[in-house]
Amino acid sequence: MITTACQSMLWISLVCMPQQQPLGEYWGTAEAESEYYKMVEVPIPEGMAVEAGSFEVMPDGERLAVATRRGDIFMVRGAFDEHPQTEYEKFASGLDEVFGMAYRDGAMTVTQQAEVTRITDTDRDGQADKFETLSDRWGFRHYHEFAFGSKPDVEGNVWVALCLSESYHSKAPFRGWCLKVTPDGKTIPVCSGIRSPCGIGPNEHGVMFYAESQGPWNGSCSLKVLEPGGFMGHPISFNSYELAPEMGPAPVQPNSNSRLEIERKRVKELVPYAVVFPYKRMGRSISGFVVDRTGGKFGPFENQIFIGDFSLGVVMRATTEKINGVWQGACYPFREGFDTGLLALQFTPGGDLIAGGTNRGWPVRGPRAYAIQRLDWTGKVPFEIKTVTARPDGFRLTFTKPVDLKIAGEADVYQMATFTHVYQQGYGSPEVDQATPQVTSVTVSEDGLQVDLMVEGRVPGHVHEFHLPQMRSAENESLLHADAYYTLNEIPR
């Protein structure tokens, strides 16, 4: 057993790791954010490389299971304490890039590069001794072919999102697909068209989503719903339809240098981005996400999605809703200042948020090769845009605190803009087709918590940006973050 003290330590760079360069400024709000959500170090033993890829809270409520990119699983005591002094005990090793883990019915189910594995400690000595392959139906030929697995859904199924080979190719079976693995190991193809996922799980409504990275056929990072029979947008994975006859024929090939809104009319299976994260302004490589089910222990954002970012080392919020049968929603800044690239998030029994990851493979903004850190709510409520939702004639903004009724009633307080991306085979996209909607009417609720905006010039398929630097609370507070971004796929009827 290895112990650590909550003190400054020498952080050892990963073996053969080139020095990473910082990516520059982001929101610049870390100091202000710390008044509401303080960052707590969860110590890692000196000299031990713990590149966290997934977390799980064990049934005793005292241990945090940490699975790593290097293939280890550690049981960590003390991670939930107010002032952590941790003890690490190795539970399993010999795995490969673990990006999914859950403990159910006396066993750990993990998703690694080439399979979903059930791991059991049969003699109860604290170390795994039985490894069973539940599914290895997909292929593996390249280091970039990561596999991300969800925690089990209500039926016990693990959903697995599979990276392409080098972003542009599908060199092995089912690369660029989502597969569903049942508790008895049956593997069910769900959908195609994935490029480079870095997180998978339910949204706040219990529907399976995944986090997609900017790249070919993806102008920016986004959250997307894993629609059974759907096409997520990258057609190179069509070569595996022959392996899944139950899915029917491959969709029509989308046109490059188009717009996703146009191609949706041509390709009936094409699933639009539910939430677009504007590049750099809202992350560069969004990653693992988790829904706040803490019952208010983490502040005013219960039932919202919290999502990390690998490149910028930030955590953001997101909310989703289904309009006219199509998922869409908004994203919001939340907390920056993490020390490494984030891959996984996990709420603790006490309602704090654990975050961890590494800098291996791609540049990150944080200075450390790996870290595990925790956000604790201080009990103070920040003045924030809590949610943005769509209405038939505009949008509804909900705030965490009552607004100043006079200021909130002025239409020019609400600065808006829209844009979309080129839907193309090339890597990423600039923001294009910009438009400026006009707020024509404002209605503030009596309690000051909601504002209904009547808006002319909304554009389906566009991200609608809200910039509210003039907004004040009833106590004359400025917004901690003045921006929100709503992806409007459908206008409510």
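Every number in this text was worked out from the coordinates using simple rules, so none of it is lab data. As the structure is a prediction and not an experimental result, all values here were calculated from the model. All Cβ positions, glycine included, derive from the backbone under ideal geometry; neighbour counts span all protein chains shown.
A few points about this structure:
- Alpha-carbon centroids, the range 407-427 and the range 173-229: separation in whole Å: 27 Å
- J(HN,Hα) series, the range 65-72, from Karplus relation 6.51 cos²θ - 1.76 cosθ + 1.60, nearest Hz, glycine and proline x: 7, 10, 9, 10, 5, 7, x, 9
- Dipole magnitude (debye, nearest 20) for the range 385-488, charges at Cβ of Lys, Arg, Asp, Glu: 180 debye
- Distant-in-sequence amide contacts of residue 270, defined by a placed amide H-H separation under 5 Å and a gap of 5 or more residues or a different chain, comprise 231.
- Options 470, 486, 382, ranked by Cα towards positive dipole end of the range 368-493, top entry (Cβ charges): 382
- Listed residues 435, 50, 197: farthest to the positive end of the dipole of the chain (Cβ charges): 435
- Spatial offset of the range 95-172 relative to the range 358-397 amounts to 27 Å, using the alpha carbon center of each.
- Rounded to the nearest 20, the size of the Cβ-charge dipole of the chain about its Cα centre is 1140 debye, with Lys and Arg at +1 and Asp and Glu at -1.
- Sequence-ordered 3J(HN,Hα) estimates for the range 122-131 from the Karplus curve with 6.51, -1.76 and 1.60 and θ = phi - 60° stand at 6, 9, 6, 9, x, 10, 5, 9, 9, 10 Hz, glycine and proline given as x.
- For the range 431-436, backbone phi angles converted through the Karplus equation (6.51, -1.76, 1.60; θ = phi - 60°) give residue-by-residue couplings of 7, 10, 6, 4, 9, 10 Hz, Gly and Pro being listed as x.
- Each listed q (0.13 Å⁻¹) maps to a log10 I(q)/I(0) for the range 385-488 from the Debye sum over equal C-alpha point scatterers, namely -0.47.
- Put simply, the C-alpha atoms of the chain give a gyration tensor, and the ellipsoid matching it has half-axes of 35, 29, 19 Å, longest first.
- Taking amide H positions as modeled 1.01 Å from N, with prolines and chain starts lacking one, the residues under 5 Å from residue 462 and 5 or more places away or on another chain are 488.
- Database remark: amide H of residue 484 closer than 5 angstrom to the amide H of 466 (H placed geometrically; neighbours at sequence offset of 5 or more, or on other chains; Pro and chain starts carry no H).
- Placing unit charges on each Cβ (+1 for Lys and Arg, -1 for Asp and Glu) gives the range 37-377 a dipole about its Cα centre, and among 107, 214, 172 the Cα reaching farthest toward its positive end belongs to 214.
- Convex hull of the range 191-308 built on C-alpha atoms - directionally averaged projected area, nm²: 8.1 nm²
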